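Structure first, then comments.
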Amino acid sequence: MYKRNLLILIGIILITYSFSFTQTQWFDSNRKESTVTYTLHHPLHQVESTSKEVTSRIEVDLSNKVIKSVRAIIDVTSFDSGNSNRDSHAMEVIDAINYPDVQFISNFVSTYGDSIKAIGQLTFHGVTKDITIIGKSVWSENQIVISGAFDISLTDFNIERPSLLMIKVDDALKFSVKSVYNFR
């Protein structure tokens, strides 16, 4: 009876020990190194505006180097194009007072080598749409750097396309993302 109980105890310890290596952990982005940039194209010029105030979290299985989940939120007023008049007009167009944040929550994340695909919902201007973010992940001993890109349609998010000289900007708003997560 003693041997049997000892074997059961050892089995429980081994199972618990093996599960401890597959548990996931959440990590917050390093706000000093993480950015989101959008690009808006007009036939006469192109606008790039960057936010350095990205708040994001990832759920990671460190032992297998697998990202399980992603969440991000950005204050829309934190985007800076280098032209305060243009930025003020952009805030009017997207009604930043009523819709101050852009939020992404993943439903599914897949990785293959250093490639990553996050599928989830983006909420922008009070509208939630499914999007897919395609990117790369670079792992080191104490951090992961994720870079990716995705496009959205302004009209899909009920945003009237601004115009310059009676010519509207392209409907596509292109985003590029760089997020840095430190493990230690």
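Which of the residues spanning segment 67-84 are buried (at least 17 other Cβ atoms within 10 Å of the Cβ), β-branched (Val, Ile, Thr) and in a strand (DSSP E or B)?
67, 70, 74
Examine segment 85-98 for a residue that is among the acidic types (Asp, Glu), under 18 Å from the mean Cα position of the chain (by Cα) and surrounded by fewer than 13 Cβ atoms within 10 Å (Cβ to Cβ), and state whether such a residue exists.
no
Within the set of pairs 6 or more residues apart or between chains, which connect a residue that is under 14 Å from residue 106 (Cα atoms) inside segment 52-67 to a residue that is among the polar types (S, T, N, Q) and not in a strand (DSSP E or B) with Cβ atoms less than 8 Å apart?
56/34; 59/24; 60/24
Being in contact with a Gly (Cβ under 9 Å, 6 or more places away or on another chain), within 22 Å of residue 178 (Cα to Cα) and in contact (Cβ under 8 Å) with a residue 24 or more places away in the chain is the filter here; which residues of segment 84-113 pass it?
If the condition is that a residue be in contact with a Gly (Cβ under 9 Å, 6 or more places away or on another chain), within 22 Å of residue 178 (Cα to Cα) and in contact (Cβ under 8 Å) with a residue 24 or more places away in the chain, then 104, 105, 106, 109 are the ones that fit.
Please state which of the following conditions residue 142 fails to meet, knowing it meets all the rest: (1) surrounded by fewer than 14 Cβ atoms within 10 Å (Cβ to Cβ); (2) modelled with pLDDT under 95; (3) farther than 19 Å from residue 57 by Cβ.
The number of the failed condition is (3).
For segment 85-105, give me the residue count where each residue is part of a loop (DSSP other than H, G, I, E, B) and among the small types (Gly, Ala, Ser). Walk me through it before giving the result.
At the first step, the residues of segment 85-105 found to be part of a loop (DSSP other than H, G, I, E, B) are 94-100.
If we keep only those that are among the small types (Gly, Ala, Ser) as well, we get 96.
Summing the residues that are part of a loop (DSSP other than H, G, I, E, B) and among the small types (Gly, Ala, Ser) in segment 85-105 gives 1.
Please work out which residue is modelled with the highest pLDDT, limiting yourself to segment 157-184 and to residues that are acidic (Asp, Glu) and surrounded by 14 or more Cβ atoms within 10 Å (Cβ to Cβ). Write out each step before concluding.
Going through segment 157-184, the residues acidic (Asp, Glu) turn out to be 160, 170-171.
Of the ones still in play, those that are also surrounded by 14 or more Cβ atoms within 10 Å (Cβ to Cβ) are 170-171.
On the way: 170: 81, 171: 86.
Per the criteria, the residue is 171.
If the requirement is being under 12 Å from the mean Cα position of the chain (by Cα), part of a strand (DSSP E or B), hydrophobic (A, V, I, L, M, F, W, C) and at pLDDT 95 or above, which of these qualifies: 150, 108?
On inspection, the qualifying residue turns out to be 150.
For segment 40-48, does any single residue satisfy the condition of being assigned to a strand (DSSP E or B), touching a helix residue (DSSP H, G or I) at 6+ places or on another chain (Cβ under 8 Å), crowded, with 16+ Cβ neighbours inside 10 Å and aliphatic (A, V, I, L, M)?
Yes; the residues of segment 40-48 include at least one that is assigned to a strand (DSSP E or B), touching a helix residue (DSSP H, G or I) at 6+ places or on another chain (Cβ under 8 Å), crowded, with 16+ Cβ neighbours inside 10 Å and aliphatic (A, V, I, L, M).
Answer yes or no as to whether residue 134 is exposed (fewer than 11 other Cβ atoms within 10 Å of the Cβ), among the hydrophobic types (A, V, I, L, M, F, W, C) and at negative phi.
no
Which of (1) more than 20 Å from residue 39 (Cα to Cα); (2) surrounded by 15 or more Cβ atoms within 10 Å (Cβ to Cβ) is the odd one out, the single condition residue 126 does not satisfy?
(2)
Kindly provide the set of residues from segment 36-65 that are aliphatic (A, V, I, L, M) and either in contact with a Pro (Cβ under 8 Å, 6 or more places away or on another chain) or at pLDDT 90 or above (or both), ordered by number.
Narrowing segment 36-65 to residues aliphatic (A, V, I, L, M): 36, 40, 44, 47, 54, 58, 60, 62.
Within segment 36-65, 36, 54, 58, 60 meet the criteria.
The values are calculated or read from the model by the stated rules, or taken from the named source; none is laboratory data. Source: prediction; values computed, not measured. In this analysis, Cβ positions are derived from the backbone assuming ideal geometry, glycine residues included, and neighbour counts consider all displayed protein chains.
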